[in-house]
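A.B. asks: First the structure, then my questions, so here it is.
The values are calculated or read from the model by the stated rules, or taken from the named source; none is laboratory data. Model, not experiment: these values are computed from the prediction. Backbone-built Cβ (ideal geometry, glycine too); neighbour counts: all protein chains shown.
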Amino acid sequence: MTHELITQLAVVIPLIGALFMWVSHNQPNLREAVTIVTAGLLFVSVASLLPAVLTGARPSAVLAEPLPNLPLALEVEPLGMLFAVVASFLWIVTSVYSIGYMRGNHERHQTRYYIYFAIALSSTMGVAFAGNMLTLFVFYEILTLSTYPLVTHHGTDEAMRAGRTYLGLLLFTSIGLQLLAILWTWQVAGTLDFAAGGILNGKASNTMMGVLLILYVLGIGKAAIMPLHRWLPAAMVAPTPVSALLHAVAVVKAGVFTVAKVLVYVFGLDLLRALNASALVVYLAGFTIIAASIIALKQDNLKRLLAYSTISQLSYIVMAAAVLAPLSVVGAALHIAAHAFGKITLFFAAGSIYTATHKTEISQLDGIGRSMPWTMGAFTIGALSMVGVPPAAGFISKWYMLLGALEVENVFAVGVIVVSTLLNAAYFLPIVYTGFFRTSKKEPSHSRTLVREAPLPIVMALTISALLTVLFFCFPDVPLTLAYQLIGDSP
Amino acid sequence: MSSHLPALQVVIPLIASPTCVLLRDHRVVWGFAVLVNWCALVIAALMLDQVLASGPISYAIGSWAAPWGIEYRVDVLNAFLLLIVAGIGAIVLPYARTSVIREIPADRISLFYAAYLLCLTGLLGIIATGDAFNLFVFLEISSLSSYILISLGKDRRALTAAFQYLIMGTVGASFILIGVGLLYMMTGTLNMVDLASRVPQIADTRTVRAAFAFLTVGAGIKLALFPLHLWLPNAYAYAPSVVTAFLAATATKVAVYVLLRFFFTIFGASFIFQTLPFGEILMSLSVTGVLVASTVAIFQEDVKRLFAYSSVAQISYMVLGISFASITGLTGGIIHLFNHAVMKGGLFLAIGCIFLRLGSTQISDLKGLGRQMPWTMAAIVLGGLSLIGIPLTVGFISKWYLILAAIERGWWPVAGVVLAGSLLAAIYIWRVLEVAYFKPWPTHKGSIAEAPLSMLIPTWILIGLTLYFGIDTSLTLGVADRAAEFLLGGQS
């Protein structure tokens with residue numbers, strides 16, 4: 001099997017899986033088996049490209065050519081490889097989790113859920129492997145549309161209103177700002193291909209480049225930079241597996257991934273150093289990090305808190321990339337993976353608690369760690385990763401981000417990282433404390449035994465993701481190699 | 001045989017039309033009309049093939065040579081349009097069998113098909129002809145038959161809508177006639193190629209400028225250019241579903257063609273865009289049209305009226321493309337002729353399916369339709385995404401060219417307006433989709449069936465084309481690009 005074929009298969013496999021899921025809609029066990037097999041196949045094919053990419057190969061393929069000289073082209077490069085491997089592996093874990101969650105909560109329209117999930121993963125692969133900005137935009141839009149039925153899954157009025165915020169913000173930014181930026185780039189540069197060192201060198205004045213940069217950064221709404229972040233808390237109305245994989249891994253990472261690609265491959269780090277607007281991006285992202293953390297401090301709803309934590313963590317990636325130090329760019333790339341493992345664990349835990357106890361507010365979680373030790377244990381590891389403490393993944397990426405910021409003496413960035421670490425601890429650690437060490441005042445002690453752990457698939461999934469979070473800390477070589485390739489270096 | 005193609009394109013439907021009156025059985029007359037329309041499609045395809053290979057086709061009616069005789073002249077632009085009109089008709093007519101039985105009284109069905117074929121004749125004739133007065137004749141034929149078609153709608157307001165269209169349409173056609181007459185007075189010829197060589201020399205006279213004004217306003221009424229669009233919402237809303245789908249996809253496109261032909265072939269781009277400040281005038285009108293029509297669409301209660309106002313906005317995009325007077329802009333405008341025909345045709349066919357089962361097109365009656373008629377609603381979702389301009393649909397291709405043309409000219413606010421139009425479209429499409437998918441189906445209504453295959457298949461053919469030509473644009477973009485270069489570059 002040639003690499004070119006496998007690259008195309010990465011986008012196609014989930015779609016074929018969706019077809020089989022549709023066909024087997026009357027047999028839930030078969031349908032679930034199809035999901036797991038599809039996810040497994042996807043991961044295997046994506047992983048098979050890894051050895052080649054690590055040695056420097058860049059497999060590519062062309063899907064179609066809708067506009068003259070502008071093909072829908074795929075090209076696998078290190079950052080995309082990292083994103084695709086993480087997303088496809090976590091799809092397997094999330095599918096296992098979904099089985100437990102959807103059945104445990106007696107959710108309706110499950111076939112529709114699995115089908116749109118598969119389509120969303122297909123477009124995620126398309127974003128990861130996009131070879132030019134047009135292809136990335138196409139898959140970015142399909143991702144928005146295919147996740148809409150997942151966000152509004154419950155079909156209630158609340159879901160409909162949340163769906164409006166979700167779609168409205170994401171389409172407004174992508175059509176209103178990003179598409180304009182893409183067309184402007186096309187007109188100025190004559191190409192939309194991703195190239196090391198960027199495609200905009202010397203093509204227009206620095207002020208115009210600055211405006212273009214801001215158009216891109218604000219136009220990539222999925223990166224949830226303030227003030228365009230409201231869609232993410234709104235999306236928490238979705239079933240928790242959706243929040244876990246899509247809004248901690250696929251959709252949001254597609255956003256920051258796009259920002260990183262634009263910064264590194266469309267503008268190029270050297271050009272960005274000459275623009276004042278790069279500093280503006282650092283300030284915007286820094287503001288988002290702090291503001292989102294402060295809002296998270298005040299949340300009682302667990303999923304909303306995690307949503308604001310995600311907004312904050314995403315801006316770490318944007319800020320680290322915009323600082324333009326090689327090591328911080330490495331940190332940003334690593335954080336795409338590290339945060340994914342940590343956040344998905346946290347969301348899994350939230351869903352687990354909801355499935356077992358129907359509790360959604362943090363104030364209700366007194367002592368839950370004693371009846372659900374696996375869940376709260378996993379939650380703790382995820383929380384440590386968010387704060388950036390060993391032995392969790394978040395420590396590695398934060399370390400590089402900090403090193404990079406110190407290297408270029410960006411005092412603002414260093415300050416933001418330090419302050420936000422403290423804020424993260426301030427809103428995560430109390431939850432861990434509440435879960436393990438506080439006794440519930442409302443329930444008498446003998447009723448503790450009535451609360452048991454969530455169904456087995458859920459527990460399996462969150463244990464695996466928590467394990468991955470720790471493993472990433474212990475064995476970071478492959479992600480590190482890929483991240484260093486991004487800056488044209490090796491660890 | 002093949003040398004007579006241009007004449008046959010018009011003559012076959014013309015003779016078939018009165019024949020329909022003789023055929024009483026509605027299945028036979030339907031089959032006959034479908035056959036005729038498919039013949040017309042084959043002829044159009046053959047001509048496009050020939051034009052792409054060997055240049056414009058010139059045909060003298062009755063072997064009387066131009067410029068005294070009437071000449072039919074088919075170049076890249078009108079071959080493309082012939083394909084669009086004949087193609088839409090060929091897909092819409094098979095759909096008509098079930099739809100027409102539901103919406104038109106049985107004793108009028110033969111008359112319906114006769115009027116339809118006359119309308120087709122008229123539209124094809126406008127496109128194929130190379131004589132300015134002949135164009136007016138066919139314009140009248142197509143207009144009068146379309147008034148009849150619209151008036152056949154079940155709702156009594158169809159009559160007043162047809163009458164309103166008749167008055168405004170006659171004013172428009174008369175203006176075109178006056179314009180042609182003024183040109184004839186100044187040049188002594190009615191042949192378009194001949195006019196093209198004579199008009200530029202006398203262009204800066206008051207008579208010719210008056211002729212230009214009359215022609216523009218006349219064509220503007222027929223193509224529903226803002227603010228001359230007032231006849232369109234009612235006409236589309238109250239006409240039978242088949243008629244709305246066919247007219248929405250063809251009649252306004254043909255009027256845009258008339259504008260293109262007069263502007264670029266006869267008057268010439270330099271007169272219009274440099275001597276007169278017409279690019280700016282057209283741009284202002286179309287920009288206003290996009291914003292106003294899209295906004296009004298958001299507040300409609302009837303889904304047919306909603307899409308009618310959407311059509312006014314989409315037509316404004318076509319005119320916007322023309323106003324740029326650049327290859328990119330003109331390509332965008334011409335390709336939107338095709339893209340919109342396919343999108344809107346599919347959407348109105350889907351609405352016809354809804355009307356068949358529900359008997360109503362009020363948005364409030366669409367509650368829960370997503371589960372009752374999944375295929376029909378899925379067609380509306382995809383058509384709607386194309387209207388918004390989501391990538392991989394034809395709508396995206398048109399928007400790409402229009403915005404690119406605006407950026408090339410440095411008209412940044414215009415680029416913003418095109419994008420705003422997409423976002424406004426997202427709002428009105430989402431209104432319909434939210435009602436269909438999020439509101440529960442009223443249980444007192446009982447279950448309804450999906451539309452019959454004879455109606456679903458043509459709908460999905462058009463929606464499928466919406467996706468296909470959004471991915472493989474070699475045919476449509478290739479032709480549009482050539483047509484734009486041809487129009488702007490001069491004769492070939």
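A.B. asks: Have a look at B:Gly395, B:Gly389 and point out the one that is surrounded by 21 or more Cβ atoms within 10 Å (Cβ to Cβ) and at positive phi. Please lay out each step first, then the result.
C.D. replies: Working: B:Gly395 fails: at positive phi.
One residue alone meets the criteria, B:Gly389.
A.B. asks: Additional query: Note down all Cβ pairs under 6 Å where the first residue falls in segment A:362-373 and is closer than 15 Å to A:Leu302 by Cβ, the second is modelled with pLDDT of 85 or more and β-branched (Val, Ile, Thr), and they're at least six residues apart or on different chains.
C.D. replies: Matching pairs, first to second residue: A:Ile362/A:Ile431; A:Leu365/A:Thr434; A:Asp366/A:Thr434.
A.B. asks: Here's something else I'd like to know. Does A:Glu158 satisfy being modelled with pLDDT under 90 and not polar (S, T, N, Q)? Please lay out each step first, then the result.
C.D. replies: Details: modelled with pLDDT under 90: no; not polar (S, T, N, Q): yes.
Spelling it out, it is not the case that A:Glu158 is modelled with pLDDT under 90 and not polar (S, T, N, Q).
A.B. asks: Does segment A:134-147 contain at least one residue that is under 16 Å from A:Leu246 (Cα atoms) and acidic (Asp, Glu)? If you could, list the steps in order and put the result at the bottom.
C.D. replies: Step one: filter segment A:134-147 for residues under 16 Å from A:Leu246 (Cα atoms), giving A:139-147.
Filter once more, so that each one left must be acidic (Asp, Glu): A:141.
Within segment A:134-147, one or more residues are under 16 Å from A:Leu246 (Cα atoms) and acidic (Asp, Glu).
A.B. asks: Condition check: modelled with pLDDT under 95 and either aliphatic (A, V, I, L, M) or touching a helix residue (DSSP H, G or I) at 6+ places or on another chain (Cβ under 9 Å) (or both). Does B:Leu77 satisfy that?
C.D. replies: Numbers: modelled with pLDDT under 95: yes; either aliphatic (A, V, I, L, M) or touching a helix residue (DSSP H, G or I) at 6+ places or on another chain (Cβ under 9 Å) (or both): yes.
For B:Leu77, the condition - modelled with pLDDT under 95 and either aliphatic (A, V, I, L, M) or touching a helix residue (DSSP H, G or I) at 6+ places or on another chain (Cβ under 9 Å) (or both) - is met.
A.B. asks: Within segment A:150-167, can you find the residues that are crowded, with 18+ Cβ neighbours inside 10 Å and not aliphatic (A, V, I, L, M)?
C.D. replies: The answer is A:Thr152, A:His153, A:Gly163, A:Tyr166.
A.B. asks: Something else now. Mind checking which residues of segment A:133-149 are away from chain B (no Cβ under 11 Å) and surrounded by fewer than 24 Cβ atoms within 10 Å (Cβ to Cβ)? Give the steps one after another, and end with the answer.
C.D. replies: Residues of segment A:133-149 away from chain B (no Cβ under 11 Å): A:133, A:143, A:146-147.
Within segment A:133-149, A:Ser146 is the sole residue that qualifies.
A.B. asks: Follow-up question, since we're still on this one. Going through segment B:363-386 one residue at a time, which ones are buried (at least 24 other Cβ atoms within 10 Å of the Cβ) and among the aromatic types (Phe, Trp, Tyr)?
C.D. replies: none
A.B. asks: Which fully enclosed helices (runs of 4 or more DSSP H) of segment A:117-207 have 2 or more residues being touching a Pro at 6+ places or on another chain (Cβ under 6 Å)?
C.D. replies: Details: elements: A:133-151, A:157-173, A:179-189.
Those helices (runs of 4 or more DSSP H) span A:133-151.
A.B. asks: Among the residues of segment A:119-131, is there at least one that is out of contact with any strand residue (DSSP E or B) (no Cβ under 7 Å at 6 or more places or on another chain), among the hydroxyl-bearing types (Ser, Thr, Tyr), more than 8 Å from every other protein chain (Cβ to nearest Cβ) and surrounded by fewer than 21 Cβ atoms within 10 Å (Cβ to Cβ)? First the steps, then the outcome.
C.D. replies: Here is the first cut: in segment A:119-131, the ones out of contact with any strand residue (DSSP E or B) (no Cβ under 7 Å at 6 or more places or on another chain) are A:119-128.
Add one more test, that the residue is among the hydroxyl-bearing types (Ser, Thr, Tyr), and what stays is A:122-124.
Checking which are more than 8 Å from every other protein chain (Cβ to nearest Cβ) leaves us with A:122-124.
From what's left, surrounded by fewer than 21 Cβ atoms within 10 Å (Cβ to Cβ): none.
Among the residues of segment A:119-131, not one is out of contact with any strand residue (DSSP E or B) (no Cβ under 7 Å at 6 or more places or on another chain), among the hydroxyl-bearing types (Ser, Thr, Tyr), more than 8 Å from every other protein chain (Cβ to nearest Cβ) and surrounded by fewer than 21 Cβ atoms within 10 Å (Cβ to Cβ), which makes the answer no.
A.B. asks: Further question: Sort out for me the helices (runs of 4 or more DSSP H) sitting completely within segment A:245-339 that have 2 or more residues that are surrounded by 24 or more Cβ atoms within 10 Å (Cβ to Cβ). Spell out how you get there, then give the answer.
C.D. replies: Numbers: elements: A:251-261, A:269-273, A:277-297, A:302-322.
So the answer is A:251-261, A:277-297, A:302-322.
A.B. asks: For segment B:443-456, does any single residue satisfy the condition of being more than 10 Å from chain A (Cβ to nearest Cβ), closer than 26 Å to B:Ala245 by Cβ and in contact with a Pro (Cβ under 8 Å, 6 or more places away or on another chain)? Give the steps one after another, and end with the answer.
C.D. replies: The initial filter retains those residues of segment B:443-456 that are more than 10 Å from chain A (Cβ to nearest Cβ), namely B:443-456.
Now restrict to residues that are closer than 26 Å to B:Ala245 by Cβ: B:445, B:448-456.
Subsequent filtering for residues that are in contact with a Pro (Cβ under 8 Å, 6 or more places away or on another chain) retains B:450, B:454.
Yes; the residues of segment B:443-456 include at least one that is more than 10 Å from chain A (Cβ to nearest Cβ), closer than 26 Å to B:Ala245 by Cβ and in contact with a Pro (Cβ under 8 Å, 6 or more places away or on another chain).
A.B. asks: Filter segment A:429-450 down to the residues that are at pLDDT 60 or above and either assigned to a helix (DSSP H, G or I) or of a type in the set (Asp, Glu) (or both) and list them by number.
C.D. replies: Hits for segment A:429-450 are A:Leu429, A:Pro430, A:Ile431, A:Val432, A:Tyr433, A:Thr434, A:Gly435, A:Phe436, A:Phe437, A:Leu450.
A.B. asks: A:Met208 versus (1) at positive phi; (2) without any contact (Cβ under 8 Å) to a residue 40 or more places away in the chain: which is the lone unmet condition?
C.D. replies: For A:Met208, the exception is condition (1).
A.B. asks: Sticking with this one: Can you say whether B:Ile351 is more than 9 Å from chain A (Cβ to nearest Cβ) and either within 19 Å of A:Trp184 (Cα to Cα) or part of a helix (DSSP H, G or I) (or both), as far as the supplied structure shows?
C.D. replies: On the way: more than 9 Å from chain A (Cβ to nearest Cβ): yes; either within 19 Å of A:Trp184 (Cα to Cα) or part of a helix (DSSP H, G or I) (or both): yes.
Here the answer is yes, as B:Ile351 does meet what is asked.
A.B. asks: Same structure again: I need the full set of residues from segment B:385-398 which are in a helix (DSSP H, G or I) and either away from chain A (no Cβ under 11 Å) or within 18 Å of B:Gly333 (Cβ to Cβ) (or both), in order please. Outline the logic, then answer.
C.D. replies: So in segment B:385-398, the residues in a helix (DSSP H, G or I) come out as B:385-388, B:394-398.
Answer for segment B:385-398, where residues must be in a helix (DSSP H, G or I) and either away from chain A (no Cβ under 11 Å) or within 18 Å of B:Gly333 (Cβ to Cβ) (or both): B:Ser386, B:Leu387, B:Val394, B:Gly395, B:Phe396, B:Ile397, B:Ser398.
A.B. asks: Further question: Of the residues B:Tyr317, B:Tyr309, B:Tyr401, which single one is over 20 Å from B:Ala297 (Cα atoms) and either within 11 Å of another protein chain (Cβ to nearest Cβ) or under 24 Å from the mean Cα position of the chain (by Cα) (or both)?
C.D. replies: Working: B:Tyr317 fails: over 20 Å from B:Ala297 (Cα atoms); B:Tyr309 fails: over 20 Å from B:Ala297 (Cα atoms).
Matching residue, one of B:Tyr317, B:Tyr309, B:Tyr401: B:Tyr401.
A.B. asks: Now for a different question. Checking the structure you have, find out if any residue of segment B:287-301 is in a helix (DSSP H, G or I), touching a His at 6+ places or on another chain (Cβ under 8 Å) and more than 30 Å from B:Leu356 (Cα to Cα). If you could, list the steps in order and put the result at the bottom.
C.D. replies: Filtering segment B:287-301 down to residues in a helix (DSSP H, G or I) leaves B:287-298.
If we keep only those that are touching a His at 6+ places or on another chain (Cβ under 8 Å) as well, we get B:289, B:293.
When the remaining residues are screened for being more than 30 Å from B:Leu356 (Cα to Cα), the result is B:289.
Yes, segment B:287-301 has at least one match.
A.B. asks: Something else about it: Could you check segment A:340-368 and list, in sequence order, the residues that are over 29 Å from A:Ile417 (Cβ atoms) and assigned to a helix (DSSP H, G or I)? Spell out the reasoning first.
C.D. replies: Looking only at segment A:340-368, we keep the residues that are over 29 Å from A:Ile417 (Cβ atoms), and these are A:351-361, A:363-364, A:366-368.
If the condition is that a residue be over 29 Å from A:Ile417 (Cβ atoms) and assigned to a helix (DSSP H, G or I), then A:Gly351, A:Ser352, A:Ile353, A:Tyr354, A:Thr355, A:Ala356, A:Thr357, A:Ser363, A:Gln364, A:Ile368 are the ones that fit.
A.B. asks: On to the next question. Restricting attention to segment A:160-215, and to residues there that are over 24 Å from B:Val414 (Cα atoms) and of a type in the set (Val, Ile, Thr), which single residue is farthest from the other protein chains (Cβ to nearest Cβ)?
C.D. replies: Filtering first and then ranking leaves A:Ile199.
A.B. asks: Considering segment B:460-492 alone, what residues qualify as being in contact with a helix residue (DSSP H, G or I) (Cβ under 8 Å, 6 or more places away or on another chain), assigned to a loop (DSSP other than H, G, I, E, B) and within 11 Å of chain A (Cβ to nearest Cβ)?
C.D. replies: B:Thr473
A.B. asks: Then there is this: Looking at segment A:81-92, is at least one residue buried (at least 16 other Cβ atoms within 10 Å of the Cβ) and assigned to a strand (DSSP E or B)? Walk me through how you get there before you give the answer.
C.D. replies: The first filter runs over segment A:81-92 and keeps only residues buried (at least 16 other Cβ atoms within 10 Å of the Cβ), leaving A:81-92.
Checking which are assigned to a strand (DSSP E or B) leaves us with none.
Taking every residue of segment A:81-92 in turn, none turns out to be buried (at least 16 other Cβ atoms within 10 Å of the Cβ) and assigned to a strand (DSSP E or B).
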